[in-house]
Amino acid sequence: MSSGREVITLQFGHQSNFVGAHWWNIQESGFIYDPTSPPSEINHDVLYREGINHRNEVTFTPRAIVVDLHGSLNHLKTSGELYDDPGVPSPETIPWQEDKIEVVTTDQPVKNEFLQNLEKEDGEGVPENGKMIFELDNDINVWSDYLKTRFHPRTLSIVNEYKHNDNNRPFESYIQGSEVWNSPNFGEDWCDKCRLFVEESDNLQGFQILMDSTNGFSGLAGEALQYLNDEYNSKSVLTFPVLMSTSSSHSTDEESMRIVNLVMAFAKSSEFSSLVVPMSCHNTTWRQYGPGRNFQHLNYDVNFSYHTSAILASYLETISLYYRRRSDAYRMLNLCSSVTPTGRKMANAVLSLPFALGENGNLLRTLELWEGPLWSSLTPHCEVDESVALQSIAVRGIQKHQLVPTILRPQDQCNPLFNHTTSAGMLDAYLTFSCDGVSSQVISIEENISTTAPYPNIFSEHIQRDGSFSSNPRPSFMAVEKSSSIAGLQSAKSTGDMLSSLHSEASRLNLRRILKSATSDLEVEDYSEAKETLLCLSECYSDNMFI
Amino acid sequence: MAAISLLNPKAEFARAAQALAVNISAAKGIQDVMKTNLGPKGTMKMLVSGAGDIKITKDGNVLLHEMQIQHPTASLIARASTAMDDMTGDGTTSTVLVIGELLKQADLLISEGLHPRIIAEGFNQARTKALEVLEKLKIECKGNREILVDVARTSLRTKVHHSLADLLTEHCVDAVLAIQNPGKDLDLNMVEIMEMQHKTATDTALINGLVLDHGARHPDMPKRVTNAYILTCNVSLEYEKSEVNSGFFYKTAEEREKLVLAERQFIEDRVKKIIALKKKLCDKTDKNFVVINQKGIDPLSLDLLAKEGILALRRAKRRNMERLTLACGGTAMNCLDDLSEEQLGFSNLVYEHVLGENKFTFVEECKHKHSVTILLKGPNKHTLTQLKDAVRDGLRAVKNALDDGAVVPGAGAFEVAVSKELHKFKETVKGKTRLGVQAFAEAMLVIPKTLSVNSGFDSQDTIVKLLEEYTSLDVPVGLDLSSGEILKPADQGIYDNYSVKKQILGSCTVIASNLLLVDEIMRAGMSSLKG
Ligand SMILES: Nc1ncnc2c1ncn2[C@@H]1O[C@H](COP(=O)(O)OP(=O)(O)O)[C@@H](O)[C@H]1O
Ligand SMILES: [Mg+2]
């Protein structure tokens, strides 16, 4: 049964969609259109579907459902462009008394430089990206401002009850989300979209989920997870709660509300997923958002979603290799169970980006000389430390010829790393020696992550166009086009510490007070139950002995 | 939408003015935006979003959803009106208009020094009286198909062009009558609404049976079968590695392989049970066999079924399990042990229709007809959406009429009667509360007035005529929108839903009163305003 291996992507909320937009872009920048070159090491049919539109054109679009609020899409058309007739019908064609037709047009939003360029390329049919460097930092308000990918008409799913950025009636609580889910139109419609993606899959692995976890989308996603668990209980569900700061100042009540949402989101996702991996570029995220994680060769603004979501997307683009490599039949199920022993449903994310070798550098020497941890944590409140019990690692972008130096020293032959023919093998050996008692599995592919525009210009000046490191700065007119990376999932004691710190934060809340200020009331029992779930979960991590 | 931005309160203004004045102006503002929509001669709006999304609608509820209403009071009114639509499926525009008018009337009285609480009390008494009038005016419609058609037509002609409305009317009435099941609540979910993006809106049809939005996933399966047994089931026919054999607990590859085979065998055994029954019932006859499964069917299982000429569909809607058995008979099976003929449904014709990448499967000419499908057709997405909204409302209108057992004369007749009766009633009310009753009586006339204006007539002329004729004829009279003259709604078959009118009276009174008593309510906490 080699066909299929399909995975369906489910995105809930604006923050998650920021990440999703970058991720789809990265994937499409990596597509190989040249029929003479060898096929990609990635099987893109896992996350994409082939279709055919009304004009008999073949389409290739994500198997994805993307949920956001009314008014969040800017220039993006809800039904997509691929399957719809463009243009606005003239009023005379509307069957109604002629003088009783009123056309109400909202102004078209101005497209930024990148989108304009994309349109031009479309016209000429040359997929020529990355030749230009774009400065988009000032032009990005919503995620569709940099989305390259075109969606299937089934993909966008809009919540009409709440409006994007509506301060009068913000979509801010778990319970609002679950109410929307149960409202007459939303839930059923979403389930139908989902069912149709499942129906067309021959050999579905499962679902990968990106969910906002501090606003109303937490409730929507929580309900959706429960539905998936009911309806498709044999499928894997890999959930990534996303945490991003949106504005700098929050009232205490807003902060408390976020904690409540988080508790619910973490509890529900761990109850109904195979594996949960909270993701953020901030080191702490409970009440105030802490400073950004440090990446040696990145200069990014941790309060700017366009930047941080690119980093999170790069992580996903790397770790998801586990279930979408062309060469093997490894499944999402295997990845999830590899880091969830004895009820440890939650794991940490770690990332090295770019994992830059020097010019003409090699992996062997780089690892030999490496000091400090190989990667940074992307899970809030979890530091990279010694408490790791199990880890699954994926490496991208190290070519075969970059494994060992061209000029060898005699002692190299005795180096236990030496005899490996893949970067996975070599890194595995390195980890075995450097991290005592950690059980690791490592996979790799040679293809880099594509970082052409609209990937933000966040690489330091010492990263060259091809992603390598050099002490000479890169010319300012040149963008970094690709990057190597290492991404990992770790089951560590620190995961448990994160959960208990959230639990104690939650226990400090004056629930009555928050509920009174909330527009609707969360069942107090549900909440205490969720807190209890977190506590139990955190206890699974107390001892690495039995793993 | 442009007009609604007028409602955005300038921050300074809101601070300076009384909350009450703000509420009244907001209610008027939203009334202004909505009033041109009322009735069959109202304005159809085409909303074009910045991205090019198109929505064509005349429905108050849809418009309220589409508008970016920033003003808190306006959005409160909008939400209350749409909540009312959720319950009965109609009456949104009227609700907004009546609330606006109640507040306008109240505004006059308040400026003369009357306390809002007294007005609210008057509204309350007026409502009680108005509900009595409603009881008197209602027309029984038990078992009368014609009245059902009339009420659905009245509603649909306010939403789509009348030629299309008349077509949809027949479909909605027939659909609801088909799924009626004596002794059971009417469940509109048993009418499937399916969209097909091709041809034109007037090709919309009622299918006696089900249309599924998917087809067979095997090239060798039949595309069209007649005389078919239908097995409706919710049983996995898909081999999946379960958690236990994900590789963690098995020492050798052999051991794992064995387990895989055993599990695969398990699924195959299920498929074989289906095949065995098919052989028993169909071989050497002209009968055929169709499987419709809520769970998955993997390629290997599909292959086995295809070899036997069985048509099999996977991942059917959960709700279609029930619909299928209502349409074709049989039982939805959760287990395939002891499968027998009685558990199967039957359909004379099952066939597939392919449209681009979409497949549809028609299950027609069924044994029972307790579930049907309205198949919407239209050249583009926005036409389909408009049709879908209209059909949903049409179905609701028929259901309401059946549930209510009665309808109410439309074309402004009900409102005129209420207004007139309230004026009489007012005389019996003591003290200043009477002024509140009078205000309510005036406010009701906003409906016939607006219907008149929207048809190009003079609203004062209309009101005078209506009130006079109502008094002299002593039967409900409404406005003929094409001539501007008086008509008897019963003669023309212009009926509205009883429950819609009842809702309008109730929610308008509550919301208007809440907005009037804003000071007190703010002190008690805004939460009591919700819903
Ligand atoms: N043919 C007709 N002649 C006169 N009035 C009509 C006719 N059809 C409907 N109406 C009136 O139009 C009003 C409903 O208009 P509609 O646009 O549907 O608004 P709403 O959202 O309040 O239901 C009712 O008062 C109804 O009696
Ligand atoms: Mg109506």
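The values are calculated or read from the model by the stated rules, or taken from the named source; none is laboratory data. No experiment lies behind these values; they were computed from the predicted model shown. Because the Cβ atoms are built from the backbone with ideal geometry, glycine has one as well, and the counts that use them run over all protein chains shown. SASA here: full protein model, heavy atoms, side chains in, ligands and nucleic acids out. Shrake-Rupley method; radii C 1.70, N 1.55, O 1.52, S 1.80 Å.
Report yes if some residue within the range A:349-361 is touching a Phe, Trp or Tyr at 6+ places or on another chain (Cβ under 6 Å), more than 14 Å from chain B (Cβ to nearest Cβ) and surrounded by fewer than 22 Cβ atoms within 10 Å (Cβ to Cβ); otherwise report no.
Checked the range A:349-361: at least one residue is touching a Phe, Trp or Tyr at 6+ places or on another chain (Cβ under 6 Å), more than 14 Å from chain B (Cβ to nearest Cβ) and surrounded by fewer than 22 Cβ atoms within 10 Å (Cβ to Cβ).
Tell me whether the range B:46-59 contains one or more residues that are open to solvent by 30 Å² or more (accessible area, probe 1.4 Å), among the charged types (D, E, K, R), within 16 Å of ligand 2 (Cβ to nearest atom) and within 9 Å of chain A (Cβ to nearest Cβ).
no
Can we say B:D85 is within 16 Å of ligand 2 (Cβ to nearest atom) and of a type in the set (D, E, K, R)? Break it down stepwise before answering.
Numbers: within 16 Å of ligand 2 (Cβ to nearest atom): yes; of a type in the set (D, E, K, R): yes.
Spelling it out, B:D85 is indeed within 16 Å of ligand 2 (Cβ to nearest atom) and of a type in the set (D, E, K, R).
Can you tell me which residue in the range B:168-201 is nearest to the other protein chains (Cβ to nearest Cβ), limited to those that are in a helix (DSSP H, G or I) and open to solvent by 50 Å² or more (accessible area, probe 1.4 Å)? So that I can check it myself, show each step before the final result.
In the first step, residues of the range B:168-201 are kept if they are in a helix (DSSP H, G or I); the result is B:168-179, B:188-190, B:201.
If we keep only those that are open to solvent by 50 Å² or more (accessible area, probe 1.4 Å) as well, we get B:170, B:174, B:177, B:189.
Details: B:E170: 18, B:D174: 23, B:L177: 23, B:N189: 10 Å.
Residue satisfying both the conditions and the ranking: B:N189.
Can we say B:L451 is within 13 Å of ligand 1 (Cβ to nearest atom), within 14 Å of chain A (Cβ to nearest Cβ), in contact with a strand residue (DSSP E or B) (Cβ under 8 Å, 6 or more places away or on another chain) and in contact (Cβ under 8 Å) with a residue 60 or more places away in the chain? Outline the logic, then answer.
Numbers: within 13 Å of ligand 1 (Cβ to nearest atom): yes; within 14 Å of chain A (Cβ to nearest Cβ): yes; in contact with a strand residue (DSSP E or B) (Cβ under 8 Å, 6 or more places away or on another chain): yes; in contact (Cβ under 8 Å) with a residue 60 or more places away in the chain: yes.
Yes: the conditions hold for B:L451.
A:N56 is checked against (1) on the phi < 0 side of the Ramachandran plot; (2) open to solvent by 50 Å² or more (accessible area, probe 1.4 Å) and fails just one. What number does that condition carry?
If we test A:N56 against (1) on the phi < 0 side of the Ramachandran plot; (2) open to solvent by 50 Å² or more (accessible area, probe 1.4 Å), just (1) comes out false.
Can you say whether B:T204 is under 14 Å from B:A390 (Cα atoms), within 16 Å of ligand 1 (Cβ to nearest atom) and buried (at least 21 other Cβ atoms within 10 Å of the Cβ), as far as the supplied structure shows? If you could, list the steps in order and put the result at the bottom.
Numbers: under 14 Å from B:A390 (Cα atoms): yes; within 16 Å of ligand 1 (Cβ to nearest atom): no; buried (at least 21 other Cβ atoms within 10 Å of the Cβ): yes.
Criteria not met by B:T204.
Give the residue, chosen from A:P184, A:P153, A:P109, that is at the interface with chain B (Cβ under 9 Å from one of its Cβ atoms), buried (at least 19 other Cβ atoms within 10 Å of the Cβ) and either under 30 Å from B:L76 (Cβ atoms) or touching a residue at least 12 places away in the same chain (Cβ under 8 Å) (or both). Give the steps one after another, and end with the answer.
Numbers: A:P184 fails: buried (at least 19 other Cβ atoms within 10 Å of the Cβ); A:P109 fails: buried (at least 19 other Cβ atoms within 10 Å of the Cβ).
Result of the check over A:P184, A:P153, A:P109: A:P153.
Out of the range B:455-489, which residues are within 15 Å of ligand 1 (Cβ to nearest atom), part of a loop (DSSP other than H, G, I, E, B) and among the β-branched types (V, I, T)?
B:V477
Could you say whether any residue in the range B:71-85 is closer than 26 Å to B:Q386 by Cβ, among the basic types (K, R) and modelled with pLDDT under 95? Show your work before the answer.
The first filter runs over the range B:71-85 and keeps only residues closer than 26 Å to B:Q386 by Cβ, leaving B:74-75, B:77-85.
Add one more test, that the residue is among the basic types (K, R), and what stays is B:79.
Narrowing further to those that are modelled with pLDDT under 95: B:79.
Checked the range B:71-85: at least one residue is closer than 26 Å to B:Q386 by Cβ, among the basic types (K, R) and modelled with pLDDT under 95.
Got a sec? Which strands (runs of 3 or more DSSP E) wholly within the range A:23-99 have at least 1 residues that are of a type in the set (G, A, S) and farther than 21 Å from B:I56 by Cα? It would help to see each step written out before you state the result.
Working: elements: A:48-52, A:58-62, A:64-70.
Counting at least 1 such residues, we get A:48-52, A:64-70.
Of all residues in the range B:155-167 being part of a helix (DSSP H, G or I) and surrounded by 24 or more Cβ atoms within 10 Å (Cβ to Cβ), which is farthest from the other protein chains (Cβ to nearest Cβ)? Before the answer, list the steps.
Here is the first cut: in the range B:155-167, the residues part of a helix (DSSP H, G or I) are B:155-156, B:162-167.
Checking which are surrounded by 24 or more Cβ atoms within 10 Å (Cβ to Cβ) leaves us with B:155-156.
Numbers: B:S155: 16, B:L156: 13 Å.
Among those residues, the one meeting the criterion is B:S155.
Given the structure, is B:K359 open to solvent by 50 Å² or more (accessible area, probe 1.4 Å), under 27 Å from B:T325 (Cα atoms), within 14 Å of another protein chain (Cβ to nearest Cβ) and away from ligand 1 (no atom under 16 Å from the Cβ)?
Details: open to solvent by 50 Å² or more (accessible area, probe 1.4 Å): yes; under 27 Å from B:T325 (Cα atoms): yes; within 14 Å of another protein chain (Cβ to nearest Cβ): yes; away from ligand 1 (no atom under 16 Å from the Cβ): yes.
Here the answer is yes, as B:K359 does meet what is asked.
Working carefully through the options A:Y306, A:Y300, A:Y289, find the one that is in a helix (DSSP H, G or I) and either surrounded by 21 or more Cβ atoms within 10 Å (Cβ to Cβ) or of a type outside the set (A, V, I, L, M, F, W, C) (or both). Walk me through how you get there before you give the answer.
Working: A:Y300 fails: in a helix (DSSP H, G or I); A:Y289 fails: in a helix (DSSP H, G or I).
Unique residue meeting the criteria: A:Y306.
Taking B:C233 as meeting all but one of (1) open to solvent by 10 Å² or more (accessible area, probe 1.4 Å); (2) within 29 Å of A:L333 (Cα to Cα), write down the number of the exception.
Exception for B:C233: condition (1).
If you take the residues in the range B:370-411 that are in contact with a Ser or Thr (Cβ under 8 Å, 6 or more places away or on another chain) and outside any helix (DSSP H, G or I), which one is farthest from ligand 2 (Cβ to nearest atom)?
The extreme case among them is B:P379.
One residue is enough: does the range A:368-391 have a residue meeting the conditions aliphatic (A, V, I, L, M) and loosely packed, with under 12 Cβ neighbours inside 10 Å? I'd like the intermediate steps shown before the answer.
Residues of the range A:368-391 that are aliphatic (A, V, I, L, M), as a first pass: A:369, A:374, A:378, A:384, A:388-390.
With the extra rule that they be loosely packed, with under 12 Cβ neighbours inside 10 Å, the set shrinks to A:369.
Scanning the range A:368-391, I find at least one residue that is aliphatic (A, V, I, L, M) and loosely packed, with under 12 Cβ neighbours inside 10 Å, so the answer is yes.
Do you know which of the residues in the range B:64-82 that are free of Cβ contacts under 8 Å to residues at least 40 places away in the same chain and within 14 Å of ligand 2 (Cβ to nearest atom) is surrounded by the fewest Cβ atoms within 10 Å (Cβ to Cβ)?
Only one residue tops the list, namely B:T82.
Can you tell me which residue within the range A:293-323, out of those that are farther than 21 Å from A:H14 by Cα and of a type in the set (F, W, Y), is farthest from the chain's Cα centre (by Cα)?
Step one: of the range A:293-323, the residues farther than 21 Å from A:H14 by Cα are A:293-299, A:318-323.
Keeping just the survivors that are of a type in the set (F, W, Y) gives A:295, A:322-323.
Details: A:F295: 18, A:Y322: 15, A:Y323: 15 Å.
Filtering first and then ranking leaves A:F295.
What do you reckon, is A:L118 outside any loop (DSSP other than H, G, I, E, B) and either more than 18 Å from B:G52 (Cα to Cα) or open to solvent by 30 Å² or more (accessible area, probe 1.4 Å) (or both)? Outline the logic, then answer.
Values: outside any loop (DSSP other than H, G, I, E, B): yes; either more than 18 Å from B:G52 (Cα to Cα) or open to solvent by 30 Å² or more (accessible area, probe 1.4 Å) (or both): yes.
So A:L118 passes the test.
Please work out which one of (1) away from every other protein chain (no Cβ under 14 Å); (2) within 16 Å of ligand 2 (Cβ to nearest atom); (3) open to solvent by less than 20 Å² (accessible area, probe 1.4 Å); (4) closer than 14 Å to B:L505 by Cα is the condition B:V151 fails and give its number.
Condition (4) is where B:V151 drops out.
Please go through the range B:22-52 and give me each residue that is assigned to a loop (DSSP other than H, G, I, E, B) and hydroxyl-bearing (S, T, Y), ordered by number.
Correct list: B:T43, B:S49.
Kindly check whether there is at least one residue in the range B:316-325 that is in contact with a Lys or Arg (Cβ under 6 Å, 6 or more places away or on another chain) and either part of a helix (DSSP H, G or I) or more than 14 Å from chain A (Cβ to nearest Cβ) (or both). Step through it out loud before you land on a result.
In the first step, residues of the range B:316-325 are kept if they are in contact with a Lys or Arg (Cβ under 6 Å, 6 or more places away or on another chain); the result is none.
For the range B:316-325, residues in contact with a Lys or Arg (Cβ under 6 Å, 6 or more places away or on another chain) and either part of a helix (DSSP H, G or I) or more than 14 Å from chain A (Cβ to nearest Cβ) (or both): absent.
Which one of these is charged (D, E, K, R), away from ligand 2 (no atom under 16 Å from the Cβ) and within 24 Å of B:K28 (Cα to Cα): B:D474, B:D458? Spell out the reasoning first.
Values: B:D474 fails: within 24 Å of B:K28 (Cα to Cα).
Of B:D474, B:D458, the one residue that is charged (D, E, K, R), away from ligand 2 (no atom under 16 Å from the Cβ) and within 24 Å of B:K28 (Cα to Cα) is B:D458.
Inside the range B:382-405, can you point out the residues that are within 15 Å of ligand 1 (Cβ to nearest atom) and more than 16 Å from B:V191 (Cα to Cα)?
B:Q386, B:A401
Do we have A:V180 as assigned to a strand (DSSP E or B) and farther than 25 Å from A:V58 by Cα here? Spell out the reasoning first.
Working: assigned to a strand (DSSP E or B): no; farther than 25 Å from A:V58 by Cα: yes.
No.
Please go through the range A:193-216 and give me each residue that is touching a His at 6+ places or on another chain (Cβ under 9 Å), in a loop (DSSP other than H, G, I, E, B) and either facing chain B (nearest Cβ under 9 Å) or more than 22 Å from A:N17 (Cβ to Cβ) (or both), ordered by number.
Answer for the range A:193-216, where residues must be touching a His at 6+ places or on another chain (Cβ under 9 Å), in a loop (DSSP other than H, G, I, E, B) and either facing chain B (nearest Cβ under 9 Å) or more than 22 Å from A:N17 (Cβ to Cβ) (or both): just A:E200.
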